[in-house]
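What follows is a single structure, written as structure tokens, with notes after it.
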Amino acid sequence: MKKIDTRVQYTKEMFHRALLNLMETKPINKITIKELCEAASLNRGTFYLHYTEPQDILTEIEDDFIEENMSFLTRYLSPEHDTDPMSLMYSHMLKNQDTYRLIIGKGNDTVFQERLKKLVKSTVLQDWERDNPNCKRENLEFVFDYVFAGSIRMILGLDQDGELSMKEFAHRLDRLGHYAQLAIREFH
């Protein structure tokens, strides 16, 4: 495993935070390198050591998001799963809800959502095809598209007031997974 220099990690975290803060008020294509460096309290030379444009930072944030969430999904789909991966995922969502909303719901840009959907779809459909060998792929895709759209909607509407407990949200996500399996069986 490659060890990351803590100074580099700190620098990237500063740029990540600065970009996300700026994206709360303006689209990424309107964010300049100058204002990004000012918001991060770092200089342009440091920026150019790691990136060529602000979009590079957003791509890095999105890649991290995908890696973290795919690990939750992989754990959830494993044969010995319990609701713990969903609890961990929801806890992560609550802790990072502003980031989730920004990168998933940034304006009308659905490029990242489609990228995420493609990765998740591949993993989930493999699992569903293994468990439902007699079901047509088009039916599995139909159920997946429905579940994915609902999941995105749930993420964008994360409980800001914390009224929905972590365990309850995890339970609901787990139940939706079971309901998806029931829907798949209806297509046999």
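If the condition is being free of Cβ contacts under 8 Å to residues at least 24 places away in the same chain and farther than 17 Å from S71 by Cβ, then the range 119-141 contributes L125, E129, R130, P133, R137, E138, E141. Here I152 passes the criteria (1) at pLDDT below 85; (2) more than 17 Å from the chain's Cα centre (by Cα); (3) assigned to a helix (DSSP H, G or I); (4) under 23 Å from E62 (Cβ atoms) except the one numbered (2).
Pairs are defined by a Cβ separation below 9 Å, a sequence spacing of at least 6 or placement on different chains, a first member in the range 42-59 that is under 14 Å from E13 (Cα atoms), and a second member that is of a type in the set (S, T, Y) and loosely packed, with under 14 Cβ neighbours inside 10 Å; the pairs so defined are P54/T32. In this structure, F65 does not satisfy being under 17 Å from the mean Cα position of the chain (by Cα), of a type outside the set (G, A, S) and farther than 18 Å from D98 by Cβ. Taking each residue of the range 1-30 that is more than 17 Å from F65 (Cα to Cα) and assigned by TED's automatic domain parsing to the domain that holds F47 and looking for partners that are among the acidic types (D, E) and modelled with pLDDT under 90 with beta-carbon atoms closer than 8 Å, six or more apart or interchain, yields E24/D98.
A quick yes/no check of all residues on (1) more than 24 Å from the chain's Cα centre (by Cα); (2) part of a helix (DSSP H, G or I); (3) at pLDDT 95 or above; (4) aliphatic (A, V, I, L, M):
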{"site": "K2", "(1), (2), (3), (4)": "no, no, no, no"}
{"site": "R7", "(1), (2), (3), (4)": "yes, yes, no, no"}
{"site": "F15", "(1), (2), (3), (4)": "no, yes, yes, no"}
{"site": "L20", "(1), (2), (3), (4)": "no, yes, no, yes"}
{"site": "K34", "(1), (2), (3), (4)": "yes, yes, yes, no"}
{"site": "E38", "(1), (2), (3), (4)": "yes, yes, yes, no"}
{"site": "F47", "(1), (2), (3), (4)": "yes, yes, yes, no"}
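State yes or no: is M93 modelled with pLDDT under 75, farther than 28 Å from H50 by Cα and among the hydrophobic types (A, V, I, L, M, F, W, C)? Considered against the rule, which asks whether it is modelled with pLDDT under 75, farther than 28 Å from H50 by Cα and among the hydrophobic types (A, V, I, L, M, F, W, C), M93 comes out as no.
Taking T99, is it within 17 Å of R75 (Cβ to Cβ) and at pLDDT 70 or above? When the stated conditions are applied, T99 does not pass them.
The values are calculated or read from the model by the stated rules, or taken from the named source; none is laboratory data. Because the structure is a prediction, the values reported are computed rather than measured. Don't worry about glycine lacking a Cβ; one is built from the backbone with ideal geometry, like all the others, and counts go over all protein chains shown.
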